[in-house]
Amino acid sequence: MSDLKNVQPLADFNWDEFENGSNVNVSKAELEKAYDETLNKVSEHQVVDGTVISIDKKEVVVNIGYKSDGVIPASEFRYNPDLKVGDTVEVYVENQEDKKGQLLLSHKKARLSKSWERINAALDNEEIIQGYIKCRTKGGMIVDVFGIEAFLPGSQIDVHPIRDYDVFVGKTMEFKVVKINQEFRNVVVSHKALIEAELEAQKREIISKLEKGQILEGTVKNITSYGVFVDLGGVDGLIHITDLSWGRVSDPHEVVSLDQKINVVILDFDDDKKRIALGLKQLTPHPWDALDPNLKVGDHVKGKVVVIADYGAFVEIAPGVEGLIHVSEMSWSQHLRSAQEFMHVGDEVEAVILTLDREERKMSLGIKQLKEDPWETIEVKYPIGSKHTAKVRNFTNFGIFVELEEGVDGLIHISDLSWTKKVKHPSEFTQVGADIDVVVLEIDKENRRLSLGHKQLEENPWETYETIYTPGSIHTGKITEIMDKGAVIALNEGGEGFATPKHLVKEDGSQAQLGEELQFKVIEFVKETKRIILSHSRTFEDAKDEPKKAPRAKKTKKEETPAINNVAAGTTLGDIDALAELKAKMEKGE
């Protein structure tokens, strides 16, 4: 209570104003003026600093010391996910008061107004800045930096090749400005540049310690058709496709996959250690060293055809262990063919080891050896005189080569095709690929060739022709071919004959034509050479001459003298003198 005694009322307190709630001595205008003086002086279209007073998903409320707070879309702050209440931000005053009495602010425009200054300063000072990755574009990404759309090339996102750009969209990352085009206001930024300096130091350390034969762990960075690039921790090396596996590799994806961690061995590098050759297969023993020591020539092996060429096929009997089957070892046939006719890549085959060189790591194989050589018992299956059906393989001017079975060939000489027909070329008689009946005439086992005949399947008609086409006999025939030297005549009883042009003159003096059927007299028949000489003109000339023939009268001595001369005419030159002496004696006797 003692304290209350010391309280004194204000001497100048106006109780009327207090009771009425107003200051009757101060005007409203004066009050507004005094209030306005307590606020910031804000002009439209200027940039001022504000304080964030609230944040939600849609908007950010900012106090700039004005009579009302401004609202800014939250999307303008996407580049800065760490924004919080109390942060100071730059804002651009668009309108002091809209229709709703709301202060309109823009953070984006505030950033833009100063962005070029800040962008250029960041480039000059190699400053690390933050940016928001908005979207993908051709060759890279679009990044919002200080409200400016900058380009981030795909190669500048990371030190590793990027396979999926979409995972970066919507992320806020740190960047360095690497290029600015002032004329077009283009900005290029890089994230890779931030980590390259650190990697460069790491790379130098790794390179300084590289040694041939060293085993390192790396990550598969890229896979190409010719090999695999491996990141050794800032340093790249290449595993050539041939060093991925001891076996043949057609696609490196069969052996490794992207981002896989693998151990590799350093095979070689250049003086600057910029090109590093790596090996993967060298970490395992060579398959030839692990090959079954009991494997020997003559053993049967199974494998897969990995490479094929015209001359043969390579068969992998174990990863990294291959043998060559030469085309000549694929069939007992002597006809050179392509290996593709017997097998294809990927085929599983069985073969016999023909040669084996472990030091040279070479092996030759054969598949024909799985079957019996038909020439070993050729006399049993194809004895002389036996009849068979063969397939025509090819022609020569002197005969036909045929195949009785795979590996067994024979020749039919052109003279053994027909008893009667004059075959000028085998193609007149048959065709390639056709079947032909044959009889074995001779066996040449050393040269693996049979002598065959076709005409021998029939009886020799010339035995019969000898009794039919006797000299002087007349037969009907048709002219089938005319040449300069004469014509070929097909005789009705079989066989062919030949007539010279003078023997083709008809009774009316005209020449016989192709296709005419006429009477022909046999002038000559030679069985050994199968030759029949014919004449049409003799059929009517000889008939006219026969009635005129009369018995010859007995000659006198004078008439017989020419006979002596005729005899003399038939003698040799050595008898001339003796005949002259005989004539002289006869004249003296007279």
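If I compute solvent accessible area with a 1.4 Å probe over the protein chains, what percent of it on the stretch 53-195 is carbon and sulfur? It is 47 percent, rounded to a whole number. Under 5 Å from the amide H of Cys135 lie the amide H atoms of Ile142, each residue being 5 or more positions distant or on a separate chain, with H modelled from the backbone and absent for Pro and chain starts.
What shape does the stretch 344-493 take by its C-alpha gyration tensor, where a ≥ b ≥ c are the square roots of the eigenvalues and a/c under 1.5 counts as rounded, a/b above b/c as prolate, and the rest as oblate? Prolate is the answer for the stretch 344-493, as a/c is 1.5 or above and a/b outweighs b/c. Ordered by solvent-accessible area of protein heavy atoms (1.4 Å probe), largest first, the residues Thr219, Thr88 come out as Thr88, Thr219. Our note on the geometry: Cα centres of the stretch 390-404 and the stretch 71-102, 99 Å apart. Taking all protein chains together and rolling a 1.4 Å probe, His503 ends up with roughly 20 Å² accessible. Classified by the C-alpha gyration tensor, the stretch 184-330 has a prolate form. Its axis ratio a/c, with a ≥ b ≥ c, is 1.5 or above, and a/b is larger than b/c. Modelled spin labels at Asp289 and Lys114, positioned 7 Å past Cα toward Cβ, are 7.0 nm from each other. Using C-alpha pairs below 8 Å separated by at least 6 residues, the relative contact order for the stretch 419-475 is 28 percent. Within the accessible surface of the stretch 204-327, defined with a 1.4 Å probe on protein heavy atoms only, the carbon and sulfur portion equals 50 percent.
For the stretch 420-464, with every protein chain kept in place, what is the accessible area per residue (1.4 Å probe, Å²)?
61
If you take the Cα centroid of the stretch 481-539 and the Cα centroid of the stretch 307-326, the two points sit 66 Å apart. Measuring r between the beta carbons of Ile195 and Asp49 and using R0 = 45 Å, the FRET efficiency lands at 0.85. Taking only the alpha carbons of the stretch 98-137, we obtain Rg and Dmax values of 15.2, 45 Å in that order. Modelled spin-label separation between Thr219 and Ala121, with each label point placed 7 Å from Cα along the Cα-to-Cβ direction: 3.6 nm.
Can you give me the relative contact order of the stretch 390-545 as a percent, contacts being Cα pairs under 8 Å and 6 or more apart?
The value is 17 percent.
Working out 0.36 nm times the residue gap between Val306 and Val432, then minus their Cα-Cα distance, what length gain in nm do you get to one decimal?
41.9 nm
Measuring nothing but protein heavy atoms, the accessible surface of the stretch 470-521 at 1.4 Å probe radius is 52 percent carbon and sulfur. Average accessible surface for the stretch 274-418: 53 Å² per residue, computed with a 1.4 Å probe over protein heavy atoms with every protein chain in place. What the Cβ-Cβ distance of Glu463 and Glu348 gives, at R0 = 41 Å and to the nearest 0.05, is a FRET efficiency of 0.10. Kindly identify the stretch 278-317 as rounded, prolate or oblate by the Cα gyration tensor criterion: order the square roots of the eigenvalues as a ≥ b ≥ c, call it rounded if a/c is under 1.5, otherwise compare a/b with b/c, prolate if a/b is larger, else oblate. Cα axes put the stretch 278-317 in the oblate bin. Amide H contacts under 5 Å for Glu97: Leu104, restricted to partners 5 or more places along the chain or on a different chain, H placed in the peptide plane at 1.01 Å from N. Dipole magnitude for the stretch 165-319: computed about the Cα centre from +1 point charges on Lys and Arg Cβ and -1 point charges on Asp and Glu Cβ, it is near 260 debye.
When the charge dipole of the stretch 408-502 is built from unit charges on Cβ atoms (+1 for Lys and Arg, -1 for Asp and Glu) and taken about the Cα centre, the candidate among Asn460, Thr470, Phe498 whose Cα reaches farthest toward its positive end is Phe498.
The values are calculated or read from the model by the stated rules, or taken from the named source; none is laboratory data. A quick note: this is a predicted structure, and the numbers were derived from the prediction, not measured. A quick note on method: Cβ atoms are made from the backbone with ideal geometry, for glycine too, and the neighbour counts reach across all protein chains shown. The accessibility values were calculated without ligands, DNA or RNA, using every heavy atom of the protein model including side chains. Shrake-Rupley method; radii C 1.70, N 1.55, O 1.52, S 1.80 Å.
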